[in-house]
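So the structure is just underneath, and the comments pick up after that.
The values are calculated or read from the model by the stated rules, or taken from the named source; none is laboratory data. Note that the structure is predicted; figures quoted are calculated from it, not measured. Cβ: placed from backbone, ideal geometry, glycine included. Neighbour counts: every protein chain shown. Side chains included, ligands, DNA and RNA excluded: accessible areas come from the protein's heavy atoms. Shrake-Rupley method; radii C 1.70, N 1.55, O 1.52, S 1.80 Å.
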Amino acid sequence: MDSTIDLIMKLDPATKVALVSVIVSIFTMISTSFFNYKTRKQYLDSLKPLLSFRLIEYNHCLYLTITNTGTVEAKNIRVTIDELGNNGNKENIYIDNLFENSFELYPNETVQGMVGIYGQTISNNTFPFVKTTIKYNEGNKKKSTVYSRMISFTTAHENKIFAKIDFDTFGIVDNLNSIAYSNNRVANYLEGRSLFVMDRLNVISKSSLYKDMRNAVINFDKKEKPIKKG
């Protein structure tokens with residue numbers, strides 16, 4: 001070590017400056033390489049699926065919603081419901097076919113399946129949870145990710161998450177429109193008008209069915225009454 005220091009001290013100033021520059025360049029290159037490695041690792045870690053879960057209630061049933069909030073697809077997803085707890089006397093598990101088979105979720109996709117019956121009653125407040133085991137593959141990778149977690153109950157009105165289970169709103173609207181058209185045709189026929197359903201006029205009827213029938217009967221009697229000859 002002393003011989004190295006003596007050798008450096010004997011160098012001329014220009015050589016010393018060059019040597020320091022080389023050392024600084026080597027240090028900078030090592031630091032840059034390490035920083036690039038960390039940045040690339042963080043970027044690759046960000047390109048992963050991220051499964052978010054919500055346990056909600058709808059029509060006295062408990063549903064588990066799963067959303068992929070990551071940046072790549074999750075394949076061969078299997079969600080096993082291990083336990084349903086803190087749910088009053090209804091801790092039996094009732095699962096949909098969704099959790100009996102594997103499925104895929106691409107970024108921002110959501111699926112939903114039933115896991116049990118909501119156990120809250122008038123005399124019994126519950127805040128259920130489910131313990132699950134999740135397994136999936138990241139995109140096209142063959143390596144599986146497996147972990148367990150507990151998902152607590154989330155009230156729908158607080159998080160604005162509502163399950164829509166076989167609720168055909170289009171059919172209801174179509175039926176209401178059909179009723180409106182039918183009522184409008186009957187009203188136009190009886191009153192002799194030509195108003196459309198989209199009209200929002202508060203039209204007062206000029207007559208009534210009772211008055212029209214009465215006038216028709218009176219006029220018929222006048223026509224049938226025999227004329228007396230003088």
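From Ile26, Ile81, which residue is open to solvent by 20 Å² or more (accessible area, probe 1.4 Å), in a strand (DSSP E or B) and aliphatic (A, V, I, L, M)?
That would be Ile81, the only listed residue that is open to solvent by 20 Å² or more (accessible area, probe 1.4 Å), in a strand (DSSP E or B) and aliphatic (A, V, I, L, M).
Conditions tested, residue by residue: (1) among the aliphatic types (A, V, I, L, M); (2) more than 17 Å from Leu51 (Cα to Cα); (3) free of Cβ contacts under 8 Å to residues at least 24 places away in the same chain; (4) open to solvent by 30 Å² or more (accessible area, probe 1.4 Å).
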position: Thr110; (1), (2), (3), (4): no, no, no, yes
position: Gly116; (1), (2), (3), (4): no, yes, no, no
position: Asn125; (1), (2), (3), (4): no, yes, yes, yes
position: Ile134; (1), (2), (3), (4): yes, no, no, no
position: Asn137; (1), (2), (3), (4): no, no, no, no
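Check Ser33, Ser52 and return the single one that is without any contact (Cβ under 8 Å) to a residue 24 or more places away in the chain and open to solvent by 60 Å² or more (accessible area, probe 1.4 Å).
Ser33
Looking only at residues in region 87-100 that are open to solvent by less than 80 Å² (accessible area, probe 1.4 Å) and not β-branched (Val, Ile, Thr), which one is nearest to Phe129 (Cα to Cα)?
Asn87
Quick one: in region 16-70, which of the residues that are modelled with pLDDT under 90 and in contact with a helix residue (DSSP H, G or I) (Cβ under 9 Å, 6 or more places away or on another chain) is farthest from Tyr94 (Cα to Cα)?
Of everything passing the filter in region 16-70, Lys16 is farthest from Tyr94 (Cα to Cα).
Touching a Ser or Thr at 6+ places or on another chain (Cβ under 6 Å) and part of a strand (DSSP E or B) - does that describe any residue in region 101-117?
yes
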